[in-house]
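To start, the structure itself, in structure tokens.
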There are 2 protein chains.
Amino acid sequence: MFETAELGRSIAKRTYRAAVPHLRADLLRAQNELRLAEDFSVIVVVNGVDGAGKSETVNILHEWMDPRYLAAHAFTPPTDEERERFPTWRFWRLLPPRGRIGIFFGSWYSAPILQRAYGRTSEHEHAASLERINTFEKMLVDDGTLLLKYWFHLSKKTQRKRLKTLSRDPKQRWRVTDTDWKHFKRYDDFIQVSAGVLRETSTAEAPWTVVEGADANYRELTVSRHLLRSIIRHAEETARTRRGRRKPPPPRATKSSTHGPKQPTILTTLDMTRTLRRKDYKRQMLDRRGTLNLLSRKLEKAGLSAILVFEGADAAGKGGAIRRITRAIDARHYQVIPIAAPNDEERARHYLWRFSRHLPRAGHMTIFDRSWYGRVLVERVEGFAREDEWRRAYTEINEFEQVMSDHGMAIVKFWLQIDKDEQLRRFREREKTSYKKYKITKEDYRNRSRWALYEEAVDEMVARTSSTFAPWTLVEANDKYYARVKVMDATIAALTGALARATRGRRKKKKS
Amino acid sequence: MFETAELGRSIAKRTYRAAVPHLRADLLRAQNELRLAEDFSVIVVVNGVDGAGKSETVNILHEWMDPRYLAAHAFTPPTDEERERFPTWRFWRLLPPRGRIGIFFGSWYSAPILQRAYGRTSEHEHAASLERINTFEKMLVDDGTLLLKYWFHLSKKTQRKRLKTLSRDPKQRWRVTDTDWKHFKRYDDFIQVSAGVLRETSTAEAPWTVVEGADANYRELTVSRHLLRSIIRHAEETARTRRGRRKPPPPRATKSSTHGPKQPTILTTLDMTRTLRRKDYKRQMLDRRGTLNLLSRKLEKAGLSAILVFEGADAAGKGGAIRRITRAIDARHYQVIPIAAPNDEERARHYLWRFSRHLPRAGHMTIFDRSWYGRVLVERVEGFAREDEWRRAYTEINEFEQVMSDHGMAIVKFWLQIDKDEQLRRFREREKTSYKKYKITKEDYRNRSRWALYEEAVDEMVARTSSTFAPWTLVEANDKYYARVKVMDATIAALTGALARATRGRRKKKKS
């Protein structure tokens, strides 16, 4: 793997000096165009052998480009806020917006490589984490991100020599830390693991570039030229694709939804006549509330976090159902996130980014009033997302939820269904109630006209994203009492299950 | 203090029912106008006795208003990311943007009150923290925020009764926690401390409203009516002030800066002829770099964080001086934040908010390339801030820095000064260098024409914000070598001092 990076390549001072001014000017121009176009973001991953000039190269990039639109991130051990989400969450936090460059020092590769080199993860765990990385990177690339991965290499001999030379120089000694020597002793393990990682994660969309790190001139020119070429090429490709891709046609209902005999969907299987008497509702609700409260305390104690997702047609009663849950829980332990239009920080990033901002801490609960499923519902039906984008979203969402679930978060998802007549009745009722008027806009009536398209979208959404770790609960919501109790019951059941699994998992761990 | 909230006030069910629909409609309308005008943010502070209906009232507000533009925040013990900044930082994080309402449950009052009631803080510490709160609130109010503070009260008898009734009801028992009883035992201490706190923090701009909490109908109507009236009145006042306040006149140079004999400023006292030979520079830099590196490791170990602020005229060499520092430090321990135009999340909040986002964690360093001093420099000179705004900023900035300093952060501030001819020379030189061209815009030449105004602003800035805890270092920067070494030396001196103070402080604590 690394043989070609031990050839002793170097660039003479004179050649270097002659090349730099043009290169700097070109880099700046490319960066400026990138920034103005706001077409895509650039992520530069920097990994490799200690002493191979990683930080020197990042310094040079900072120096040669406009530092206002470039951010380098290095990673210390995760904070508790980070540890309580999933492993890649800390990188999510720092994803650059379109038009900017983010340099990820060590990045998501450091931990898996070191842990495997020190034998702290099994072969199987290691493989699983590489798979997660590939999926994560694919998601970034699919969003248009230019993902560049540089590996800085030094042969064992060169590394030893470099560390020794530095240690002997009283003025440079500080550059060599004990950790450097500790890592050096593991050189062979480290290289073997790294070679495997590079093989497994050199995908077509985001291949690794191995850089020989012995000569500063060589590595600086190599990396910055490669970076420059990649940005220019990616900008051209992005522009071409955009030109070739016309505005999506206005979405139309498919035959099955408008003509001919109506095809059954998952929604048509629901018994929409279910009701609950007020008396029973009152009694059951009081009972469920106590249960849920107790449960939420146990979850908090166990450090188990939960995500509740509420989706449903307009006026299906999401807000009411959510309030019945929150009334049972201590205000310090939940947060309700109503999803409105994204702001500019959010629009400039991957669509999942704005949800990742609100994931709960350990022992806490986040309730999303509408969610990432907007991508395959409103964005699909209204044509805000292109077909390839919303089609891809099923996989991305499944992965997003699996990562959370693997980290021990409980995910509970509700679709609240009402029928078309009931919706109209509720609209009319709201219009009559002074304080509910604001809830009804022209938009709502327009959405109604697309009922069939939404049914189709919901059907596909449930089919594609109901997983064992994050199943959908469909709620017949024509009767509010019935719906609220069903939501309560499903929430209680899901959280009880998650708690039992977590406790079991812990007991198992203790035994082994 | 609380006698008037123990009168047994209540509102009959029928009156309540008749009032609610109108009130809800009015609240929604007010909230909607607030949102569209984006003139100011509303912060609702909710504190008081346990069981007095705090969370129930917040729930009702959520129910009656549009939850998409209202966020309630409750506070669990601070995370490590929060603890490593200063105590109010966690509230800074959550400040609502203009047009929105933020409800702060427990808010910044809970900790001081509880700590004092349990005797964990001295009289003196307690007084100091109340003073901090007043300054913090003044800053919010000065920014236009409507700050409403509600105290929910219950008499001792009523509280005991309420807790007992709930405990006896098997269905409601979960509402009463052990902590509630524990706090109840301290009722008298708690009330005494609270009364003092309310007295000390009931300022003209942000007075407390004490609400009798025994009757749900009464407290809900009281709070929401008060909230409604306050929003409407504040909106009217804000609109009136805005109308009365014409666009600020284009800033003009004052007499002292354009006519008559030039008055000496702090900048004219600098000896701008200082230089350093290249040979000495090389040697000294290598030496300082080693020292700074070692120092940065010690700071990291001691968990001491540092903030470096760089200000200076265009082309004064801020970037170059910063790079000389960062080259000496491990990339994991610093972050450079170049200050460009604020984005929309930032523009919608207090001007200090966008800097508070980047404060360093314990043991880390944040280097600001331009900073909050923009308020009293470019914003003053270009008229982006009104005179009352930038005049107020001196106090706000001093307070902001003192809070950080009190928390143990080291603050080092540099003004890099060049003279007008040297600036022109550098502009011309940059225009000739292909990769430096981008640094020069028309803007730069325009700024040059305001040289005298900037000098005046710098003079006042240094005079007003050079404090013992965060002094300015003025750097004669006509000669880059001299300037860079001076910056290095001052940084090393300041950090060494901070480290010594921190170590002394710790030793003292150990002894006592």
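Applying the selection to region A:1-19, what residues are touching a Ser or Thr at 6+ places or on another chain (Cβ under 9 Å) and surrounded by fewer than 19 Cβ atoms within 10 Å (Cβ to Cβ)? Selection gives A:Met1, A:Phe2, A:Glu6, A:Gly8, A:Arg9, A:Ile11. Among the residues of region B:52-62, is there at least one that is outside any helix (DSSP H, G or I) and either more than 8 Å from chain A (Cβ to nearest Cβ) or buried (at least 18 other Cβ atoms within 10 Å of the Cβ) (or both)? Scanning region B:52-62 turns up at least one residue that is outside any helix (DSSP H, G or I) and either more than 8 Å from chain A (Cβ to nearest Cβ) or buried (at least 18 other Cβ atoms within 10 Å of the Cβ) (or both).
B:Ala341 meets all of the listed conditions (1) aliphatic (A, V, I, L, M); (2) at pLDDT 90 or above; (3) within 28 Å of B:Ile43 (Cβ to Cβ) but one, namely (2).
Residue pairs whose Cβ atoms lie under 8 Å apart, sitting 6 or more positions apart in sequence or on different chains, and linking a residue in region B:291-308 that is in the same structural domain as B:Asp406 (by TED's automatic domain parsing) to a partner that is among the basic types (Lys, Arg) and not in a strand (DSSP E or B), are B:Asn293/A:Arg175; B:Ser305/B:Arg361.
Only residues that are closer than 27 Å to A:Arg283 by Cα and of a type outside the set (Asp, Glu) were counted in region B:161-186, giving 16. Here the helices (runs of 4 or more DSSP H) wholly within region A:280-382 that include at least 1 residues being of a type in the set (Asp, Glu) and within 9 Å of chain B (Cβ to nearest Cβ) are A:344-347.
Here B:Asn47 meets the list (1) of a type outside the set (A, V, I, L, M, F, W, C); (2) within 11 Å of chain A (Cβ to nearest Cβ); (3) crowded, with 17+ Cβ neighbours inside 10 Å almost entirely, failing just condition (2).
Looking across region B:46-71, the residues that are farther than 24 Å from B:Ala239 by Cα and hydrophobic (A, V, I, L, M, F, W, C) come down to B:Val46, B:Val49, B:Ala52, B:Val58, B:Ile60, B:Leu61, B:Trp64, B:Ala71.
Table: residues versus (1) of a type in the set (Ser, Thr, Tyr); (2) over 32 Å from the mean Cα position of the chain (by Cα); (3) closer than 30 Å to B:Tyr394 by Cβ.
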residue	(1), (2), (3)
B:Arg90	no, no, yes
B:Ala117	no, no, no
B:Ser129	yes, no, yes
B:Trp181	no, yes, no
B:Ile191	no, no, no
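Taking the criterion of being in contact with an Asp or Glu (Cβ under 9 Å, 6 or more places away or on another chain), assigned to a helix (DSSP H, G or I) and modelled with pLDDT under 90, the residues of region B:178-210 that qualify are B:Thr179, B:Asp180, B:His183, B:Phe184.
Are any of the residues in region B:452-466 aromatic (Phe, Trp, Tyr), surrounded by fewer than 18 Cβ atoms within 10 Å (Cβ to Cβ) and more than 23 Å from B:Thr326 (Cα to Cα)? No, because not a single residue in region B:452-466 is aromatic (Phe, Trp, Tyr), surrounded by fewer than 18 Cβ atoms within 10 Å (Cβ to Cβ) and more than 23 Å from B:Thr326 (Cα to Cα).
Quick one: is A:Glu123 acidic (Asp, Glu) and in contact (Cβ under 8 Å) with a residue 12 or more places away in the chain?
No, not satisfied.
For region B:383-416, give me each residue that is outside any helix (DSSP H, G or I) and in contact with an Asp or Glu (Cβ under 8 Å, 6 or more places away or on another chain). B:Ala385, B:Ile411, B:Lys413, B:Phe414, B:Trp415, B:Leu416, listed by residue number.
Filtered by the rule that a residue be more than 20 Å from A:Pro67 (Cα to Cα), assigned to a loop (DSSP other than H, G, I, E, B) and touching a helix residue (DSSP H, G or I) at 6+ places or on another chain (Cβ under 6 Å), region A:81-118 gives A:Phe86, A:Thr88. Within region A:417-429, is even one residue at pLDDT below 90 and either part of a loop (DSSP other than H, G, I, E, B) or closer than 18 Å to A:Ser356 by Cβ (or both)? Checked against the condition, which is being at pLDDT below 90 and either part of a loop (DSSP other than H, G, I, E, B) or closer than 18 Å to A:Ser356 by Cβ (or both), region A:417-429 yields no hits at all. B:Gly244 meets all of the listed conditions (1) modelled with pLDDT under 90; (2) within 26 Å of B:Ala410 (Cα to Cα) but one, namely (2). Exactly one residue out of A:Ala37, A:Ala12, A:Ala30 is within 18 Å of B:Ser434 (Cβ to Cβ) and out of contact with any His (no Cβ under 7 Å at 6 or more places or on another chain), and it is A:Ala30.
Yes/no per residue for (1) polar (S, T, N, Q); (2) in contact (Cβ under 8 Å) with a residue 24 or more places away in the chain; (3) not in a helix (DSSP H, G or I):
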site	(1), (2), (3)
A:Ser467	yes, yes, yes
A:Ala470	no, yes, yes
A:Arg484	no, yes, no
A:Met488	no, yes, no
A:Thr491	yes, yes, no
A:Thr496	yes, yes, no
A:Ala500	no, no, no
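Residues that are out of contact with any Lys or Arg (no Cβ under 6 Å at 6 or more places or on another chain) and either at pLDDT 95 or above or crowded, with 22+ Cβ neighbours inside 10 Å (or both): does region B:73-83 have at least one? Scanning region B:73-83, I find no residue that is out of contact with any Lys or Arg (no Cβ under 6 Å at 6 or more places or on another chain) and either at pLDDT 95 or above or crowded, with 22+ Cβ neighbours inside 10 Å (or both), so the answer is no. Restricted to region A:218-231, and to residues there that are surrounded by fewer than 17 Cβ atoms within 10 Å (Cβ to Cβ) and touching a residue at least 24 places away in the same chain (Cβ under 8 Å), the residue that is nearest to A:Glu125 (Cα to Cα) is A:His226. Residues in region B:63-80 that are in contact with a helix residue (DSSP H, G or I) (Cβ under 8 Å, 6 or more places away or on another chain), closer than 23 Å to B:Asp180 by Cα and either in a strand (DSSP E or B) or more than 12 Å from every other protein chain (Cβ to nearest Cβ) (or both): 2 in all.
Residues considered: A:Arg100, A:Arg83, A:Arg120. Of these, the only one that is among the charged types (D, E, K, R), within 14 Å of chain B (Cβ to nearest Cβ) and over 22 Å from A:Ala410 (Cα atoms) is A:Arg100.
Just for region A:130-177: of the residues that are in contact with a helix residue (DSSP H, G or I) (Cβ under 7 Å, 6 or more places away or on another chain), within 14 Å of chain B (Cβ to nearest Cβ) and in a loop (DSSP other than H, G, I, E, B), which one is surrounded by the fewest Cβ atoms within 10 Å (Cβ to Cβ)? Ranking the candidates gives A:Lys171 first.
The values are calculated or read from the model by the stated rules, or taken from the named source; none is laboratory data. Quick caveat, the model's predicted, so the values are computed rather than measured. Using ideal geometry, Cβ is built from the backbone for each residue, glycine included, and neighbour counts are taken over all protein chains shown.
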